[in-house]
Each structure stands twice: as structure tokens, then as C-alpha cells.
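First comes the structure, then the notes that go with it.
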Amino acid sequence: MSYLYLLGFAAALALAFILTPLVKTFAIKVNAVDRPNHRKVHTRIMPRLGGLAIFAAFAGTYLLLSPWLHLDNRNMNLIHGLLAGGTIIVIIGALDDRFELSAKVKLLGQIAAACVLVFGFGIKVNFYNVPFGDPMMPIQDWISIPLTIFWVVGVTNAINLIDGLDGLAAGVSGIATATILVLALFMTNGGTVILLSCMLLGSIIGFLFFNFHPAKIFMGDSGSLFLGFSLATLSIMGFKQATLVSFIIPLFIIGVPLSDTFFAIVRRWVNNKPIFAPDKGHLHHCLQQLGFSHRKTVLVIYGVAAFFGATAVVLSQVSQVANWITVLVIAVTIIVLQLGAEVIGIVDRTRRPLISALQRLRMKAETETRTK
């Protein structure tokens, strides 16, 4: 089946490369464009709807390969659930790209797609794996169902929130998809996840040819929401292979969008602003305010995403041997994230509790040294 993986990747890349210019022309024709404003970085009108090319390449590749796929019902449900829910997500995103839907309408569409995934195809978190716990601990439906819906909606929105620079959301999603692909290679029954990851990665790279700075087309909500939905679904598939993926691994896979979303919520709460109110305080905004160029900002965030992905792969292996390493890595990551957030001012440029505490400790140590 390995030849199907390569074929799926190549076909998806080629289809996305061919379809993206066509989608660009269509977006301009139907006036699905992104106009500059005080929150946005670009300075000229840009066509959106790029997500249609990504989704069409992904779904088209599956249709091309389907005659050669001989999968059991469980794996077919995984594929069909992703396609069915993804279709709803793309329709909602495309309508938003053209008509700018309200946040409530988009949220309802995301919940509907997640419910199709859970109730229509039975895709949900069934087991979890915690450090120092049993290898496979079952989750009751009354917890599993809302947890899965929350995860899908949360990740979907996290990718949408980082879509602020040319190539940023696509590149970060591509790195996360590649991480899931590597993790699936270690699984004993990860063939379907590998195939879907190859197809999704090819679709992203084919689109990136036109989306990296300077972009010729934006993916829009049709793209960012679909990529977020796909990553959430693929990571749930990883959860179902519970012996190799602990509950913390998917958080590292999409560490950049999740941490940016977390800090955005904290920032708005600290400043007494609505949680869903847009602002210019995201990671990419902060890096640009520090003097990084558009391209360098994107590459820096790519590097951070790759670091998170590599950490997820390492943790998936060492956590089976030494659980204390997982706990240590999580603790160090939290400290580093907090330090980084305070340095770049992603929450508040005046409140730096951890840096202030470290400075007090250093001053105290220096005072004690002088008095000796």
C-alpha cells in the first residue's frame, strides 16, 4: 500500500496546483475578496476561497484512489466522516468568505460538522493514555462525546485564528500534518491515517505555491476551518491508537495555534475585552512589532511549529519507557511558553510576572553574594 501513499501525495499536490489558479479566478468573479483594514497586514484586495482548492484536491484524490482501497468499515467511517464533516465546514467557510457570516453562525456550522463526525460515523475519543496511568483507559460516552466536539471545534478555530500572514496557517497546518504522518508510521494500524495525511499534506503544499509571501490568493475561512477540522479529526484517529499516543501528544502537534489561541483568550480577559473580539495581539503581530519582516515572521513560526512537532514525535516514543520525561518536558514547555509570551508581549507588555520573579531571585542572589 506504500505506493498509494506516494500516489496520494503527488496527486493531491498536482490537483491543488492546478485548481488554485482556477479558484482564484472564480473568487474574483463572485467578489469573494479580502479587503485591507486596520487589523490586516495586506494592503491590497486579495481573492479568498483558496480552501476550495485544498478541499477539492483532497476529495478528488480520494475519489481517484478509492477503487484501489480495500478498507474495513471502521476505516471507511473515518474517511467518510472526515469528508462529510469537511464538506459542511468548507461550505460554511466559503459562505463566510463571500458574505462574512456572524461568529455565531460559523460556530453552529462547526458544531454541526463535529456532530456529523461523532453521531454519524462514530468518530470520538474512546481511550486516553496519561503518564503513570494504565496504557489504555476507556472514556464513557457522556464524557467522550462532548470532549470530542469541544476538541474539534477548538482546533478548527485555533487554525482560523493564526491565519493572519501569507502562508502562515497553511505552513503550520502542513507541519502538523507531517507530524501526524510520522506518528502514524509508528502505529501498527495507522495505514488510513498515513494515507489521509499524505493527501492532506500534498493539498497544502500545492496550495502553498500560490499562498506563500507574496501571496496571490488567501485560503480564507474555507481553508483555515477545513484544515483545522482535518487536523482535529486526524488527531482523534491517533487517539484511537491509544497505546502510542498519550493525551498530551495532540496538544504538541498543534502547539502553535493552540498556544496562540490560549494567550489570545487570556489577553482579552486581562484587558476586559470580549473573548471573540479580534485584535492585533497574536503571535505573528507581536513578532512583526519586534521588527521581523513578513517572511521572517512566518519562517520563525514555522520553526516553532516544527519544534513542537518534533517534541510530539519524541514524546510518543519515550513516554512508553520513562513517564517522568513526559512530565519534565511538559513543565519546561509551559515555562518556556510563559517566558516567550512575556518577552514578546503577547498578553500584556507591562505585566511580566515570571520575568519579574526571576529578576527578583537574581537580585537576591547577587545581594547574598555581596554580603558574604
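The values are calculated or read from the model by the stated rules, or taken from the named source; none is laboratory data. In this text the structure is predicted, and so the values were computed from the model without any measurement. Heads up, the Cβs are rebuilt from the backbone with ideal geometry, glycines too, and the neighbour counts pull from every protein chain shown. Just so you know, the surface numbers come from the protein's heavy atoms only, side chains and all, with ligands and any DNA or RNA stripped out. Shrake-Rupley method; radii C 1.70, N 1.55, O 1.52, S 1.80 Å.
Across the stretch 212-235, what is the number of residues that are surrounded by fewer than 24 Cβ atoms within 10 Å (Cβ to Cβ) and not aromatic (Phe, Trp, Tyr)?
Residues meeting the conditions: 4.
Given the conditions (1) within 21 Å of Thr177 (Cβ to Cβ); (2) under 23 Å from the mean Cα position of the chain (by Cα), report the number of the one that Ser2 does not fulfil.
(2)
Taking Leu200, is it open to solvent by less than 10 Å² (accessible area, probe 1.4 Å) and among the aliphatic types (A, V, I, L, M)?
Criteria met by Leu200.
Mind listing whichever residues of the stretch 253-273 are outside any helix (DSSP H, G or I) and of a type in the set (D, E, K, R)?
Within the stretch 253-273, just Lys273 meets the criteria.
Starting from the stretch 335-354, keep only residues that are touching a residue at least 40 places away in the same chain (Cβ under 8 Å), then list their pairs with residues that are among the charged types (D, E, K, R) whose Cβ atoms are within a distance under 6 Å, requiring at least 6 positions of separation or different chains.
Val347/Arg267
Which of the residues spanning the stretch 180-191 are open to solvent by 10 Å² or more (accessible area, probe 1.4 Å) and not aliphatic (A, V, I, L, M)?
Of everything in the stretch 180-191, those that are open to solvent by 10 Å² or more (accessible area, probe 1.4 Å) and not aliphatic (A, V, I, L, M) turn out to be Phe186, Thr188, Asn189, Gly191.
Quick one: what pairs do we get from the stretch 295-306, first residue farther than 15 Å from Asn211 by Cα, second open to solvent by 50 Å² or more (accessible area, probe 1.4 Å) and not in a helix (DSSP H, G or I), C-beta under 7 Å, 6+ apart or different chains?
Val300/Phe292
For the stretch 21-38, check the following and say yes or no: at least one residue is within 22 Å of the chain's Cα centre (by Cα) and not acidic (Asp, Glu).
Among the residues of the stretch 21-38, not one is within 22 Å of the chain's Cα centre (by Cα) and not acidic (Asp, Glu), which makes the answer no.
Need pairs with beta-carbon distance below 6 Å; first residue open to solvent by less than 10 Å² (accessible area, probe 1.4 Å) and within the stretch 82-96, second in a helix (DSSP H, G or I) and of a type in the set (A, V, I, L, M); sequence gap 6+ or separate chains.
Gly85/Ala113; Gly85/Val116; Gly85/Leu117; Ile89/Ala113; Ile89/Leu225; Gly93/Leu225
Has the stretch 233-252 got any residue that is part of a loop (DSSP other than H, G, I, E, B), on the phi < 0 side of the Ramachandran plot, touching a Leu at 6+ places or on another chain (Cβ under 8 Å) and among the small types (Gly, Ala, Ser)?
Within the stretch 233-252, one or more residues are part of a loop (DSSP other than H, G, I, E, B), on the phi < 0 side of the Ramachandran plot, touching a Leu at 6+ places or on another chain (Cβ under 8 Å) and among the small types (Gly, Ala, Ser).
Look at Gly309 and say whether it is open to solvent by less than 80 Å² (accessible area, probe 1.4 Å), assigned to a helix (DSSP H, G or I) and without any contact (Cβ under 8 Å) to a residue 12 or more places away in the chain.
no
Within the stretch 247-270, identify whether any single residue is in contact with an Asp or Glu (Cβ under 9 Å, 6 or more places away or on another chain) and over 22 Å from Trp151 (Cα atoms), and answer yes or no.
Yes: one or more hits.
Please work out which one of (1) closer than 30 Å to Ile236 by Cα; (2) β-branched (Val, Ile, Thr); (3) surrounded by fewer than 15 Cβ atoms within 10 Å (Cβ to Cβ) is the condition Val298 fails and give its number.
Unmet condition: (3).
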